[in-house]
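The values are calculated or read from the model by the stated rules, or taken from the named source; none is laboratory data. All values derive from a computational prediction rather than experimental measurement. Every residue, glycine among them, receives a Cβ derived from its backbone with ideal geometry; neighbour counts consider all protein chains shown.
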Amino acid sequence: MADFLEFQGVTKRFGKTIAVNHASFGVKKGEFFSLLGPSGCGKTTLLRMLAGFERPDEGRICLDGKDITDLPPNKRSVNTVFQNYALFPHLSVFDNIAFGLKVAGRPKDEIESEVEKMLRLVQMEDRADHFPNQISGGQKQRVAIARALVNRPRVLLLDEPLAALDLKLRQRMLLELDLIHDEVGITFLYVTHDQGEAMSLSDRIAVMHAGVCEQIARPAEVYEAPKTSFVASFIGDTNFFDGVVSACPEPNYCRLSIGGFAEVLCYNDKQKAVGDRVNLSVRPEKFRISVDPPAGAAPRLNVLRAKVEDIIYSGNHTNYWVSVGERRVAIYQQHLAYLLDEKPIRWGDEVWLSWHADNGYMLDDSAPVDESLLPPKIPQNAAAAGEAK
Amino acid sequence: MTKRQHEIAITAPSLLWLALFFAIPALVVLAFTFHGHSPDGGVGEWSLSTWREIVDPDYPAIVWKTIRISFEVTVWCILLALPCGYAIAKMRSKWRAVVAGAIMLPFWTNFVVRVFAWKTILHPDGWVQHCYFSLLEARHWLSAHLPGLVARALDGAGIAPAEPPDPAFSTILDSEAAVVLVSVYTLLPFAIMPIYTAAEKFDFSLMEAARDLGAGNLRAFTSVFVPGIRQGIVSAVLMVFIPAVGSYVIPQMLGGTNCVLIGNKIFMRAIQNRNIPHAAALATLMAASVFVPIIAAAWWRRYQAKRGRRIVEVRAARLMAGGTK
Amino acid sequence: MKRSFFSLAVLGVVMAFLYGPVLLIFAYGFVPNGASMSFFGADGRFLGFSGKWYSLIFGGHHSVAPLMQSFWLSLRIAGLATVVSCVIGTTAALALHRFKSRLQSVHYALVYTPLVMPDILIGISLLMLFVACGVDCGFWTILVAHVTFCVSYVTMTLLARLQDFDDRLIESAYDLGAGPWYTFFKVELPLLLPGIVAGGLLAFTLSIDDVVITSFVNGAGTNTFPTFVSSMTKHSRNLPAVFALSTLMLCFTCALVGVSKALSRNPQNSKRKSK
């Protein structure tokens, strides 16, 4: 069965750069779907093509079985919540929300009751006659959502709607967005560069990079089973280990020989054979380090000796950087019972590093990783770099 | 309607109007300079006679005088506008708007009427004239009471003339000084505004940083504030210099026969002598003397932008070199 | 903060310099003797202030009739030039803002150059055009000349406003189902109106103030207020009437600007109070 909203091989070029490269995916009716990626990855272009502000160079966009690729924006039953709200400064909150209904030529009393209903939904009843410059950022956000929703669009497009809000407000609006989505049951297409927003709101996420949708999956799957090194490094932090399969001691598990590091056991869901190159991602919080060796050797546990290079205490957890052979590994360790069951770990300590084979995940690619997305490293040649200036 | 048709539809009115009444007339002026002058007040045959006549020593002298006076006016305006712009930018935002408005307010009275007011102020029986004459007398007194060598040096520099001032030829009205004074008066707001706008965006904590690093007040002003608002100063110079070069009413009403500038000559040739080719040639010379500073400013801006980009490039390259080592 | 005191002092002197002549214009509108332009009689006696110049103006006395005639002509030309240049300037600014093509870079150069040309060059070149075409100078040539230099100012004023204009508002209107015309009249025009009014005000002032260009293209016998005044001699007996009329104009423009500021400041607030 065809999906409610479908992108079929949509491509958009701006001059020589390809903003969106053959995007093909479907969104189900009522779904909260996010496009996640760094700035310039093409997510906003994709959204603008759906809204009708840009025309794709190739491919079709279908909504509920109808091809809407060539319709102008004012003839599409989708509405947008713009990044900086784009509220009309010369119209009151009420008139802003009523704009779409007035354009559609609805009778006056119907407009009034619909707008009242929306004002109640976004809790702005007492601000109806205020002007956009008289209300706060969070309130503007709600008006923008109400202004789009009042037209009962088939898809609501949200373009980084929370980017301009401060942290606390963002968290509150996140919750409210979720409630509004549950209430109205309209399909939401949400564009963001903030993985936290996408993870906490979405039913499914499409992670985009350089115009390509790298992975489309549920939030947990995107985090725990990233397909590519980009997805793994963009969403959360991770450690990459590239190695060669050296043995397959049991079904679904293989031994991996990682240059300058060690030989480790890992889950082999990709059915790699001996001699294959593998790019392994292990999340920092999947490691445990301890001064004493891990008690009661569990099966398939990798245990290595490591030296602590750096420690950053962050309240609910501590970030450690340890060296194993020639490698540095980032570790985030929660303090389950600080100082009670753990011996304190200090700079330069020799420690035990352990993780379960199931917690390493093989990536599809071995693409070079963008340095800026890796956990921060202390540059060893800081002094040399300073001199170069 | 396609996008292109839409573009043409809204571009056409202004484009056609300005082409017809601005660009074509400019070409007509240029064409007329290559015509002779016919005695009936019209335009004669194609010839280079006009350009030959224009090298008459009278004309280059007038062009030079116009540029010199415009330069004087510009220097005075900038010197006065710098502290004014600084003072306004330092005020609280509520006061800024009020003072900036107050500076423009006198300009809601008619230009000609304001010049007439100056004519009344500079009247030979007025107090400004008395002060001016006293100043001339003081200079002469200085020359008479100084030791011979110094007096002669100052006489030569024109600071303390040995000759006593002659009341008949020492009126401020109908002198170059009056033209400069009133030109500064009419153009000063146009110098203050761009400097103030630039100063408003200036980060005054840089001044504090300069003082913190040991600079005195004046040093901080000249080596941090002035370079910081240089774009505004360039705009101010253009805003003053261009109208000053084109000025015609002020020298005519206040300069008398002592201060005839290109503008007056153009008007004389065009309206009074009906020598259209000469007027056209003078207008071309004026346009040239205006375009030189404009092009210089544009070139300077481009150079600044390029240099800015170059600095960024060099810094980025250094950072990357440091980072990838 | 010594520097600040010095710059404030300079500012004070400059303000006095700027306002001195204006105060003189105001004062000499009340001078009792138009021939001597003095408040004192031949014997040095103070003659007091006189309102006779204002009564001449308001009474329509024949001695000030040519002055008033030139004044009304100026108003007519300035009004018409403002309307025409606002229409042309608005389309020009929209074109320059919306499109980035080679045509627009030519267009921009054409709009920008008159701003950096001395007035007198615009005047002489238009005169030569009219001479070349054999057009008689008069009301229409003055109007054409005024529109020509006002268009550039209106366009630039509006273009600066458009730079702050959030183009997403237009997208937003389309997104909510509005067509191009609805968007123009309900979203763009109301938001640009303050800019158009500001540009129009500038055009009006420039037109009513212009003497240089007008004196080239006015032809014989057609005098606007500024050219009429500049043709008066120092010894004209009606000079105080000119000063009185200027004072009236200044008061009127101040009132106009004050009212428009008050209206544009916060329409929202005044509306809220009335509710």
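Side notes on the structure shown:
- Any pair with Cβ under 6 angstrom, 6 or more apart, that starts in the range B:27-40 at a residue that is closer than 16 Å to B:LEU285 by Cβ and ends at one that is small (Gly, Ala, Ser): B:VAL29/B:ALA280; B:VAL29/B:ALA283; B:VAL29/C:SER125; B:PHE32/B:ALA280; B:THR33/B:ALA280; B:THR33/B:ALA281
- Among residues of the range A:102-143 being facing chain C (nearest Cβ under 9 Å) and among the hydrophobic types (A, V, I, L, M, F, W, C), the one that is surrounded by the fewest Cβ atoms within 10 Å (Cβ to Cβ) is A:ALA104.
- Some residue of the range C:30-38 being out of contact with any Phe, Trp or Tyr (no Cβ under 9 Å at 6 or more places or on another chain), touching a residue at least 40 places away in the same chain (Cβ under 8 Å), farther than 30 Å from C:PHE139 by Cα and more than 10 Å from chain B (Cβ to nearest Cβ): yes
- First in the range A:72-83 and within 8 Å of chain C (Cβ to nearest Cβ) and over 17 Å from C:GLY179 (Cβ atoms), second anywhere and at pLDDT 90 or above and assigned to a loop (DSSP other than H, G, I, E, B), Cβ under 8 Å, 6 or more apart: none
- Among the residues making up the range C:142-182, those that are outside any helix (DSSP H, G or I) and not aliphatic (A, V, I, L, M) are C:PHE165, C:ASP166, C:ASP167, C:GLY177, C:GLY179.
- Among the candidates C:VAL131, C:VAL144, residue that is touching a strand residue (DSSP E or B) at 6+ places or on another chain (Cβ under 9 Å) and β-branched (Val, Ile, Thr): C:VAL131
- Contacts under 9 angstrom Cβ, first residue in the range A:32-45 being assigned to a loop (DSSP other than H, G, I, E, B), partner of a type in the set (Lys, Arg) and buried (at least 24 other Cβ atoms within 10 Å of the Cβ), 6 or more apart: A:GLY37/A:LYS43
- When residues in the range C:108-125 are screened for being in contact with an Asp or Glu (Cβ under 9 Å, 6 or more places away or on another chain) and over 12 Å from C:ALA145 (Cβ atoms), 0 of them pass.
So that you can scan it fast, the table gives a plain yes or no per residue for (1) in the same structural domain as A:GLY37 (by TED's automatic domain parsing); (2) outside any loop (DSSP other than H, G, I, E, B); (3) not basic (Lys, Arg):
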position: A:THR80; (1), (2), (3): yes, yes, yes
position: A:ILE111; (1), (2), (3): yes, yes, yes
position: A:GLU114; (1), (2), (3): yes, yes, yes
position: A:GLY138; (1), (2), (3): yes, yes, yes
position: A:ARG152; (1), (2), (3): yes, no, no
position: A:ALA163; (1), (2), (3): yes, no, yes
position: A:ASP178; (1), (2), (3): yes, yes, yes
position: A:ASP182; (1), (2), (3): yes, yes, yes
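- Screening the range C:105-135 for residues that are facing another protein chain (nearest Cβ under 7 Å) and closer than 14 Å to B:ALA12 by Cβ and picking the one that is surrounded by the most Cβ atoms within 10 Å (Cβ to Cβ) gives C:VAL111.
- Pick from the range A:156-169, criterion among the charged types (D, E, K, R) and surrounded by fewer than 19 Cβ atoms within 10 Å (Cβ to Cβ), ranking: farthest from A:ALA144 (Cα to Cα): A:LYS168
- The set of residues from the range B:1-30 being more than 23 Å from C:LEU115 (Cα to Cα) and either among the polar types (S, T, N, Q) or more than 7 Å from chain C (Cβ to nearest Cβ) (or both) comprises B:MET1, B:THR2, B:LYS3, B:ARG4, B:GLN5, B:HIS6, B:ILE8, B:ALA9.
- Residues within the range A:84-96 that are touching a Leu at 6+ places or on another chain (Cβ under 7 Å), more than 12 Å from A:HIS130 (Cα to Cα) and more than 8 Å from chain C (Cβ to nearest Cβ), tallied: 0
- Taken over the range C:5-21, the residue count meeting the criterion of being among the hydrophobic types (A, V, I, L, M, F, W, C) and either within 7 Å of chain B (Cβ to nearest Cβ) or under 16 Å from B:PHE190 (Cα atoms) (or both) is 8.
- Residue within the range C:221-241 that is farther than 30 Å from B:HIS123 by Cβ, at pLDDT below 85, among the small types (Gly, Ala, Ser) and not in a helix (DSSP H, G or I) present: yes
- Any hit, the range A:273-287, residues being out of contact with any strand residue (DSSP E or B) (no Cβ under 7 Å at 6 or more places or on another chain) and either assigned to a strand (DSSP E or B) or not small (Gly, Ala, Ser) (or both): yes
- Those residues of the range C:185-205 which are surrounded by fewer than 16 Cβ atoms within 10 Å (Cβ to Cβ) and free of Cβ contacts under 8 Å to residues at least 40 places away in the same chain, in sequence order: C:PHE185, C:LEU189, C:PRO190, C:LEU193
- Inspection of the range A:284-292 identifies no residue that is farther than 26 Å from A:THR228 by Cβ, free of Cβ contacts under 8 Å to residues at least 12 places away in the same chain and among the acidic types (Asp, Glu).
- Only listed residue being of a type in the set (D, E, K, R) and touching a strand residue (DSSP E or B) at 6+ places or on another chain (Cβ under 6 Å), chosen from B:GLU72, B:GLU45, B:GLU53, B:GLU7: B:GLU45
- Helices (runs of 4 or more DSSP H) completely within the range B:7-111 that count 3 or more residues being over 30 Å from B:PRO194 (Cβ atoms): B:24-32, B:49-54, B:58-90
- Enumeration of residues in the range B:254-274 that are closer than 21 Å to B:THR33 by Cβ and either within 11 Å of another protein chain (Cβ to nearest Cβ) or crowded, with 21+ Cβ neighbours inside 10 Å (or both): B:LEU261, B:ILE262, B:GLY263, B:ASN264, B:LYS265, B:ILE266, B:PHE267, B:ARG269, B:ALA270, B:ILE271, B:ARG274
- Criterion applied to C:VAL197, C:VAL229 was being closer than 30 Å to C:MET156 by Cβ and more than 15 Å from the chain's Cα centre (by Cα), and the one residue passing it is C:VAL229.
- Test: residue in the range B:207-230 that is at positive phi, surrounded by fewer than 21 Cβ atoms within 10 Å (Cβ to Cβ) and of a type in the set (D, E, K, R): no
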